[in-house]
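Some notes on the structure that comes next.
The values are calculated or read from the model by the stated rules, or taken from the named source; none is laboratory data. Every value quoted in this text rests on a predicted model; they were computed, and no experiment measured them. In this analysis, Cβ positions are derived from the backbone assuming ideal geometry, glycine residues included, and neighbour counts consider all displayed protein chains. Please note that ligands, DNA and RNA were not included when accessible areas were found on the heavy atoms of the full protein model with its side chains. Shrake-Rupley method; radii C 1.70, N 1.55, O 1.52, S 1.80 Å.
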Amino acid sequence: MDKKWLPLTVVLGAAGVAAVTASLWPDSKEKPPLPQTLCHGALSRQTAELIDDGKGGEVSTEEWESPGKGDLKVFKGCGVMRANPDSDYRRGTFNLIIADARYDSGPRKNSVPLGPGFTGWALPEEAEAVLPAGCAARTGSTARYITVTLIAPSQAEEKGLVDRDTALRNSAAVVREAATNLVKRYGCAA
């Protein structure tokens with residue numbers, strides 16, 4: 001080997017060893033584990049993932065609270081979003097609203113009941129559960145009802161992304177789980 005190429009060979013060899021070492025070295029920035037409860041602790045990640053717009057992506061949330069007016073003291077909201085695989089933009093898939101109300105609005109036209117043990121109704125793109133009577137007082141409200149409302153425009157029948165039966169099951173599952181978790185939190189079972 002010609003001596004004039006020796007320094008270049010040493011430098012390239014050292015660079016190669018450094019590159020291999022860097023690629024095998026553990027990353028010092030570990031990602032924190034994803035939270036398993038979302039929406040003020042009302043939903044599990046697994047249940048939140050039921051509602052999808054057909055494009056997939058990691059689930060995340062934006063949560064907010066607002067003081068109510070008068071005897072309405074409870075208003076908590078949660079927007080559930082999914083990550084886009086090809087950009088940093090997140091798209092909304094549904095909102096979950098926990099609020100007190102002066103009256104039970106009753107079921108919507110063409111809705112189905114939530115099932116045994118729950119007061120409420122479900123449509124493909126919207127659902128509502130009414131918590132047991134003692135829950136409002138436990139939350140500090142003087143209103144009569146606490147409702148959990150799901151708004152999921154991506155499940156609307158006219159969009160055709162999810163068949164009606166699946167959308168109904170998903171909507172009902174989300175509000176049933178949220179209602180169950182809130183009842184446990186406030187200790188206000190029927």
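Just a few scattered comments:
- For segment 146-168, residues that are open to solvent by 90 Å² or more (accessible area, probe 1.4 Å), assigned to a helix (DSSP H, G or I) and touching a residue at least 24 places away in the same chain (Cβ under 8 Å) total 1.
- Note on segment 169-190: residues that are open to solvent by less than 40 Å² (accessible area, probe 1.4 Å) and hydroxyl-bearing (Ser, Thr, Tyr) amount to 1.
- Residue satisfying condition, being at pLDDT below 90, assigned to a helix (DSSP H, G or I) and of a type outside the set (Lys, Arg), within set Gly92, Gly16: Gly16
- Some residue of segment 56-63 being out of contact with any strand residue (DSSP E or B) (no Cβ under 8 Å at 6 or more places or on another chain) and part of a loop (DSSP other than H, G, I, E, B): no
- Within segment 108-135, the set of residues being touching a residue at least 24 places away in the same chain (Cβ under 8 Å), at negative phi and assigned to a strand (DSSP E or B) comprises Val112, Ala122, Glu126, Ala127, Glu128, Ala129, Val130.
- Residue selected from segment 52-96 under the condition more than 16 Å from His40 (Cβ to Cβ) and among the basic types (Lys, Arg), by the criterion most open to solvent (accessible area, probe 1.4 Å): Lys69
- Test: residue in segment 36-54 that is assigned to a strand (DSSP E or B), at pLDDT below 90, of a type outside the set (Ser, Thr, Tyr) and under 19 Å from the mean Cα position of the chain (by Cα): yes
- Lone unmet requirement of (1) at pLDDT below 95; (2) under 22 Å from Arg82 (Cβ atoms) for Lys184: (2)
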